[in-house]
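What follows is one structure encoded as structure tokens, with my remarks underneath.
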Amino acid sequence: YKTRMVVPRDYAGQRVELHFEAVYNLARVWVNERPAGTHQGGFTPWSCDITDLVTPGREATVTIEVTAVSREISFGGKAVRNIGGILRDVELRARPRTFLDGLRISTDFDSTWRDAKLRIAGDVSAPDPAARVKFRLFDPAGREVQPTARSFALATAEFAAEIDVQAPVKWDAEHPNLYRLQVEISNGQTAPVIYSKRIGFRTITFNRQHDLLVNGRVVKLRGINRHLSDGLRGKVPTEYFDRLDAQLIKEANMNFVRTSHYPPGARFLEQCDEVGLYVTVESAVVDVGKSNRPSVGLNDDPQFEPLFLSQLQEMIAAHGSHPSALIWSIGNESLFGRNFQASYDLVKRLDASRPVVASYQAVKDKRHSSYDIESHHYPQWNAAFSAVERPMIYDEWMHVLGHGAEAWFHDPNGRDAWGRSLDLAWSKLFAAHGSIG
């Protein structure tokens, strides 16, 4: 891909970035014929710092080479449609030299479920003790919550702060109450940079019976796996279809969606925040280690650990501020190995507020050290759904017609049988302790 662009004059004195929402899967970037960066992944946002390669007010040439690498941890065959190339938006951005990005938001309520502690974490580019960040919080009605206008130094590469909030209204799927967190970054010399994030106050816990609790109340997840697939645009997301999908899922009396088998675009989780949907956000790690896949052995290959961790870190940085992001998934239907353990450990270091699932690892982690929620796929309708050792989720199941579309044509009554079997299974699961959905 090759294009020309003009860098605005007012970018002078700032850090200039090319920001990519998703490129599948190995990308090399040149600006004005000089190397700007390399990235391997496919479904996570990343940036190239091109400050030294461009001149504000002048034209620049951007060249991007995209290679479909076969020995990869993201198996394209599970993406429903063929993928490749620039999948999502590309932006030219100006940022101050010191900037706070990749916000991870968590909230913990006190024992009375009245007051909460708002925890804000993120990544700081070019830390500077003279740079400060100020947070202001506005409630769902637009009123500022006092006193939240506190200032913190951006002196280290990893930022963390806590703010006490009195009696916030809670966010859950039935009451998607959203606050606005305003972030103001200044260095005392130039005008401050201001941006906002919509956040929600909700706490995720488990009781002794391994039931899932949101804000202290038991929740059963009833949902769907979502592949991003548009008949006209393939894997390219649009605001219209992100909004439509969230509305259709909600209208179908579901409260849950799993982003199989890769992270979504940023707008989809914004819609889930707004309508009230719980989400498992899944890393683009699919079928790793299986003998019939090009990724055989990569689950235990230390050379591939950076690839596992880099796109996982990018996923959490992109989606960690959303209250709808309930669970992190470190991959789908793979063989357990050292790289999955490293993935779990990284998630827990970056965001201990959300549980982790390793979606149906074909060879179980015998120590159960790489997940908080055990995942099973395709149980029988009359299975025993009670979990006794740890929370259990059935995040792919009841596929009477899912893998055999010809049944729809040969036996239309199969649709009715599928509905009846689903109803029977759901009734059993709903009453079972430890089966969270």
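Observations on the model:
- Overall form of the stretch 1-139 per C-alpha gyration tensor (a/c, 1.5; a/b vs b/c): oblate
- FRET E, pair ASN382, LYS348, Förster distance 35 Å, beta-carbon r, rounded to 0.05: 0.45
- Gaussian network model of the chain, springs between alpha carbon atoms under 10 Å - residue of SER295, SER111, SER70 with greatest fluctuation: SER111
- Unit charges at the beta carbon, dipole of the stretch 131-234: most positive-side option, GLY188, HIS227, ILE199: HIS227
- Angle in degrees between helix 305-319 and the longest Cα principal axis of the chain, rounded to the nearest 10: 80
- Axis of helix 413-431 versus longest Cα principal axis of the chain: the two differ by about 80°, to the nearest ten degrees.
- Quarter the surface of the alpha carbon convex hull of the stretch 246-327 and you get the mean projected area, 6.2 square nanometres.
- Nearest-0.05 FRET efficiency for HIS368 and ASP49, computed from C-beta distance (R0 41 Å): 0.50
- Here SER186 sits with roughly 40 square angstrom of accessible surface, probe radius 1.4 Å.
- Over the residues of the chain, the helix contribution to mean residue ellipticity at 222 nm works out to -5500 deg cm²/dmol, using -39500 (n - 2.57) for each DSSP H run of at least 4.
- With an a/c value of 1.5 or above and a/b larger than b/c for the gyration tensor axes a ≥ b ≥ c computed over the alpha-carbon atoms, the stretch 1-78 is described as prolate.
- Per-residue SASA entry for ARG114, accessible area with 1.4 Å probe, Å² rounded to 10: 120
- Share of pairwise Cα-Cα distances greater than 35 Å in the chain is 32 percent (whole percent).
- Heavy-atom accessible area with a 1.4 Å probe sorts TYR240, TYR179, TYR195, largest first, into TYR240, TYR195, TYR179.
- Extension gain, GLN189 to ASP139: 0.36 nm times the residue separation minus the Cα-Cα distance gives 14.9 nm.
- Whether the stretch 123-232 is rounded, prolate or oblate, judged on the alpha carbon gyration tensor where a/c under 1.5 counts as rounded: prolate
- Heavy-atom accessible area for ASP108, with the other protein chains in place and a 1.4 Å probe, reaches approximately 70 Å².
The values are calculated or read from the model by the stated rules, or taken from the named source; none is laboratory data. Small disclaimer: the values here were computed from a predicted structure and weren't measured. Methodologically, a virtual Cβ is constructed for each residue, glycine included, from the backbone with ideal geometry; neighbour enumeration extends over all protein chains shown. Only protein heavy atoms, including side chains, enter the accessible area calculation; ligands, DNA and RNA are left aside. Shrake-Rupley method; radii C 1.70, N 1.55, O 1.52, S 1.80 Å.
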